[in-house]
1. So for each of 145-152, 103-110, 41-48 I average, over its residues, the number of other beta carbons within 10 Å; can you give me the resulting order with the highest mean first?
2. Quick one: if you stick a label point 7 Å off each Cα along the C-beta vector at residue 78 and residue 48, how many nm between them?
Amino acid sequence: MAAYNTKDNSKTATVTDSTELETARVTLFDNMEGNYGLLLNAFKPEPTLAAKYFDESLLRNILQVIFGTTIKMLKTKNLFKRTFANPTTQQLQITNLTNTVLYMFLSSTKLGQVGTVFVTIAPLSISTHNLTEFGNPATQVFFNIYNTNALIKAQV
């Protein structure tokens, strides 16, 4: 009987320890990710200086951000301002959920206009592109999208 009670107590202790470990693991990851962001912010002029503290190749190879947006007819919309530490290796996967052609491009201004360098995103498609296909990542930090359709709002 003593062995049986000891077994039950051990199971309870293991469950408690396991729950506490998971909570600590999540907290540690949240803090590490926050610290990485703070380092990138602190080293804005030269973000590669922050890279030595984190395994950027691992971070680049895991899914970073998923977001959706709607672009009005014949309008340009800024999707985000780029702050990547190593822009030449960045890739973006784009899902065009509507029956309209989209132009995606980098710009030096938040709502820049489509220039000579842009990527055409086919209607109802999923495509993956290198960041450099959209423009010059060294001088153009805003990632923009233009909906070419006069009748349909684009969902991306």
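1. 103-110, 145-152, 41-48
2. 2.7
Read-outs: derived from the displayed coordinates by stated rules, not from any lab. These numbers come from a predicted model, not from an experiment. Counting neighbours? That spans all protein chains shown, and the Cβs are built from the backbone with ideal geometry, glycine included.
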